[in-house]
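What follows is a single structure, written as structure tokens, with notes after it.
The values are calculated or read from the model by the stated rules, or taken from the named source; none is laboratory data. Keep in mind it's a predicted model, so treat the numbers as computed, not measured. Note that each Cβ is placed from the backbone with ideal geometry, even for glycine, and that neighbours are counted across all protein chains shown.
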Amino acid sequence: MDLFLFTVDPGWGRDVVAAGAAGIVVDWERRGKARRQLGENTQINEDTPEDLARMRAATDGRLICRINGFGPWTAAEVDAATALGADEILLPMVRTPDEVDRTLDLAAGRCGVGILVETQDAVDRAAAFARRPLSRLYVGLNDLRIDRRSDQLFRPLVDGTVDAVRAEVTMPFGVGGLTLPGRGFPVSAGLLAAELVRLRADFTFLRRSFTADMAGRDPFTEVPRLLESIAALRRTGPADAAALRSRFVTAATGEPVAAASA
């Protein structure tokens with residue numbers, strides 16, 4: 001499973017990639033995000049084109065730039081990201097295939113184009129998105145929860161939503177985010193990692209929880225340990241996998257397993 005670290009710290013990013021992560025995400029998304037996520041305790045970055053250039057110089061790992069949701073500014077953002085060395089752009093908050101098609105046209109093969117499925121409209125159109133030549137597709141749980149007016153972040157992993165999207169996708173698929181084994185709340189990193197393995201996720205993100213949990217730790221020890229924990233989950237037998245799924249459902253919803261969608 002590929003791990004992508006959100007950071008604009010060249011030294012930190014270089015070490016995490018050298019330790020085994022697949023690459024770096026530089027985050028330009030901010031248009032309308034503060035309003036959309038008001039009061040949600042989510043992370044809103046203020047990364048810049050200069051940050052993207054610094055991260056390109058710092059690592060040979062795959063460099064992804066999350067741009068803003070589609071709008072009149074998209075052409076300029078795609079041009080800037082590709083000129084500064086991004087291997088891929090991520091288009092957030094997609095709602096229609098037309099937005100994706102127009103972004104693919106703007107990229108014109110200069111970089112990969114991935115999308116974030118984080119609205120109910122996007123979930124409903126997953127099959128149409130899956131027919132596009134995308135570099136990756138990621139289900140964003142925070143914004144999907146907000147769009148659904150839900151108070152349960154992990155509900156789409158329990159109610160079959162993510163499974164339904166996954167069933168349509170042939171390009172690299174991701175969801176959620178990981179931190180160190182033994183960490184994570186209210187769902188432990190181990191239980192979430194087991195869900196990613198169950199879903200055959202190809203990648204996930206390392207964000208603020210991972211960065212906070214890594215304080216004072218050596219990435220050359222901890223990143224391989226995280227990757228090995230994922231590899232061990234892939235070797236889990238059916239009975240143990242079912243038990244992990246049951247524990248995940250309980251931790252994610254607080255509901256007895258029998259009352260939740262399996």
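Quick look at the values:
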read-out: Yes/no for Asp147 being out of contact with any strand residue (DSSP E or B) (no Cβ under 8 Å at 6 or more places or on another chain), closer than 23 Å to Ala251 by Cα and at pLDDT below 95; value: yes
read-out: Selection count, the range 99-151, where residues are on the phi > 0 side of the Ramachandran plot and of a type in the set (Val, Ile, Thr); value: 0
read-out: Qualifying positions in the range 138-156 - touching a residue at least 40 places away in the same chain (Cβ under 8 Å) and of a type outside the set (A, V, I, L, M); value: Tyr138, Gly140, Asn142, Asp143, Gln152, Phe154, Arg155
read-out: Which numbered condition Ala201 fails, given (1) surrounded by fewer than 17 Cβ atoms within 10 Å (Cβ to Cβ); (2) closer than 27 Å to Ala18 by Cβ; (3) of a type in the set (Gly, Ala, Ser); (4) touching a residue at least 60 places away in the same chain (Cβ under 8 Å); value: (1)
read-out: Conditions (1) acidic (Asp, Glu); (2) in contact (Cβ under 8 Å) with a residue 40 or more places away in the chain; (3) assigned to a loop (DSSP other than H, G, I, E, B): number failed by Glu255; value: (2)
read-out: Verdict on Ser135 being touching a residue at least 12 places away in the same chain (Cβ under 8 Å), of a type in the set (Gly, Ala, Ser) and either surrounded by 16 or more Cβ atoms within 10 Å (Cβ to Cβ) or more than 22 Å from Ala80 (Cα to Cα) (or both); value: yes
read-out: Residue selected from the range 82-92 under the condition assigned to a loop (DSSP other than H, G, I, E, B) and free of Cβ contacts under 8 Å to residues at least 60 places away in the same chain, by the criterion nearest to the chain's Cα centre (by Cα); value: Gly85
read-out: Residues satisfying the stated conditions in the range 188-218, i.e. within 26 Å of Glu168 (Cα to Cα) and among the aromatic types (Phe, Trp, Tyr); value: Phe203, Phe205
read-out: Positions within the range 138-153 being of a type in the set (D, E, K, R) and surrounded by fewer than 21 Cβ atoms within 10 Å (Cβ to Cβ), in sequence order; value: Arg145, Asp147, Arg148, Arg149, Asp151
read-out: The range 164-212, residues that are part of a loop (DSSP other than H, G, I, E, B), polar (S, T, N, Q) and within 23 Å of Arg125 (Cβ to Cβ); value: Thr170
read-out: Test: residue in the range 52-65 that is among the basic types (Lys, Arg), more than 22 Å from Arg14 (Cα to Cα) and in contact with a helix residue (DSSP H, G or I) (Cβ under 7 Å, 6 or more places away or on another chain); value: no
read-out: Residues of the range 108-124 satisfying the condition of being surrounded by fewer than 19 Cβ atoms within 10 Å (Cβ to Cβ) and either of a type in the set (Ser, Thr, Tyr) or touching a residue at least 12 places away in the same chain (Cβ under 8 Å) (or both); value: Arg110, Gln120, Asp121
read-out: Test result for Ser209, of a type in the set (Gly, Ala, Ser), in contact with a strand residue (DSSP E or B) (Cβ under 8 Å, 6 or more places away or on another chain) and within 17 Å of Glu195 (Cβ to Cβ); value: yes
